[in-house]
Amino acid sequence: MVITSGSIPRVSGQFEMGLGSQVESISTSITANWSWYNKLMGIVSWNFKNNSAFQETAVLYRSGYFFGNAYFPIYLENGVSMWGTQLAPLTNRGIDRNTMPLGIVDFGQGNRIIAFLFTFDPGQSWSVLEGGFSARSPPSNGVLFGAMLEKTGSFCIGYDPKQVTDYDRQTSTSLKGYSPNPSYIKTVEVAISTFAQFVQLFPGDTISDRPCQNQNEVVVQEESNVAPGDIEEIVGNIVRVIRSF
């Protein structure tokens, strides 16, 4: 994954729907599809719409795991995303600047992961970019699962160091995850549809309702669902992700 500043150029003629681009929706009125934004660079646009008369939240599963569960410590440390502290409708700042918060997704029976949370107003349409695909390996098996607020609280959240070492090895970078690991964080936890299967990429990730030892709580103040500093080094500008899963 390479994080760059500035907008990604759209390649003429490459903004096209791909086979299997429609995303299945389960327990939600939000619908989605993906389309090529820049096929040569492997960048797709995820296009969402809330078709209900109510605010709704969903979590996106595609290509074998939930969006945001891989490399979230790097997203957080490098200003790509931030912890969500409420389920607020996502602000549309333009497709190449849009991003979404991270939160805890509860599958029940003690199974929880970190993933991106997509919350929309009634009738809202919204799009975001994701890189790391190719014509041979486009997004696959996309499913949107409905989610509901379970609680806002403080959690001791840790990550498997392999998330960072794998990322740096695959991208020849030396970026870091957030510190300390674990950290005592205030964020939201949502309950996902019971039809969703628990998938966690890195088994060393941990989430606890108890405080981290010898730590004060870290509270993130959200501002219109954008990364700190309102920078353009956001999810939409991730040009390349080498996937090994």
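Can you spot a residue in region 113-134 that is at positive phi and under 19 Å from the mean Cα position of the chain (by Cα)? First the steps, then the outcome.
Residues of region 113-134 at positive phi: 123, 132.
Checking the rest, the ones that are also under 19 Å from the mean Cα position of the chain (by Cα) come to 132.
Yes, region 113-134 contains a residue that is at positive phi and under 19 Å from the mean Cα position of the chain (by Cα).
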**Message:** Could you check region 135-160 and list, in sequence order, the residues that are surrounded by 14 or more Cβ atoms within 10 Å (Cβ to Cβ) and either of a type outside the set (A, V, I, L, M, F, W, C) or modelled with pLDDT under 95 (or both)?
**Reply:** P138, P139, G142, G146, E150, T152, S154, G158, Y159, D160
**Message:** Looking at E16, E24, E56, can you tell me which residue is more than 26 Å from G177 (Cβ to Cβ), among the acidic types (D, E) and modelled with pLDDT under 95?
**Reply:** E16
**Message:** Pairs needed: first member in region 189-202, touching a residue at least 60 places away in the same chain (Cβ under 8 Å); second member anywhere, basic (K, R) and surrounded by 18 or more Cβ atoms within 10 Å (Cβ to Cβ); C-beta distance under 9 Å; at least 6 residues apart or different chains.
**Reply:** E189/R112; F198/R112; Q200/R112
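Regarding region 149-163, can at least one residue be identified that is in contact (Cβ under 8 Å) with a residue 60 or more places away in the chain, among the polar types (S, T, N, Q), touching a helix residue (DSSP H, G or I) at 6+ places or on another chain (Cβ under 7 Å) and more than 22 Å from S25 (Cβ to Cβ)?
The initial filter retains those residues of region 149-163 that are in contact (Cβ under 8 Å) with a residue 60 or more places away in the chain, namely 149, 152, 154, 159, 163.
Next cut, among the polar types (S, T, N, Q) only: 152, 154, 163.
Next, only the ones that are touching a helix residue (DSSP H, G or I) at 6+ places or on another chain (Cβ under 7 Å) stay: 163.
Next, only the ones that are more than 22 Å from S25 (Cβ to Cβ) stay: 163.
Among the residues of region 149-163, at least one is in contact (Cβ under 8 Å) with a residue 60 or more places away in the chain, among the polar types (S, T, N, Q), touching a helix residue (DSSP H, G or I) at 6+ places or on another chain (Cβ under 7 Å) and more than 22 Å from S25 (Cβ to Cβ), which makes the answer yes.
Here is a list: T165, T152. Which entry is within 27 Å of T194 (Cβ to Cβ) and of a type in the set (V, I, T)? Before you say what the answer is, go through the steps one by one.
Values: T165 fails: within 27 Å of T194 (Cβ to Cβ).
Only one candidate qualifies: T152.
Determine if region 165-172 includes at least one residue that is aromatic (F, W, Y) and within 17 Å of N50 (Cβ to Cβ).
Quick first cut of region 165-172, residues aromatic (F, W, Y) only: 167.
With within 17 Å of N50 (Cβ to Cβ) added as a condition, the list becomes none.
Scanning region 165-172, I find no residue that is aromatic (F, W, Y) and within 17 Å of N50 (Cβ to Cβ), so the answer is no.
Does T91 qualify as being surrounded by fewer than 18 Cβ atoms within 10 Å (Cβ to Cβ), farther than 25 Å from F198 by Cβ and of a type in the set (V, I, T)?
Values: surrounded by fewer than 18 Cβ atoms within 10 Å (Cβ to Cβ): yes; farther than 25 Å from F198 by Cβ: yes; of a type in the set (V, I, T): yes.
It is true that T91 is surrounded by fewer than 18 Cβ atoms within 10 Å (Cβ to Cβ), farther than 25 Å from F198 by Cβ and of a type in the set (V, I, T).
For the condition modelled with pLDDT under 95, of a type in the set (S, T, Y) and under 28 Å from R136 (Cβ atoms), what is the one hit in Y65, Y37, Y75, Y61?
Sole residue among the options that is modelled with pLDDT under 95, of a type in the set (S, T, Y) and under 28 Å from R136 (Cβ atoms): Y75.
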**Asked** Considering only region 183-199, how many residues are surrounded by 19 or more Cβ atoms within 10 Å (Cβ to Cβ) and part of a loop (DSSP other than H, G, I, E, B)?
**Response** 1
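The values are calculated or read from the model by the stated rules, or taken from the named source; none is laboratory data. Not measured: the values here are computed from a predicted model. Counting neighbours? That spans all protein chains shown, and the Cβs are built from the backbone with ideal geometry, glycine included.
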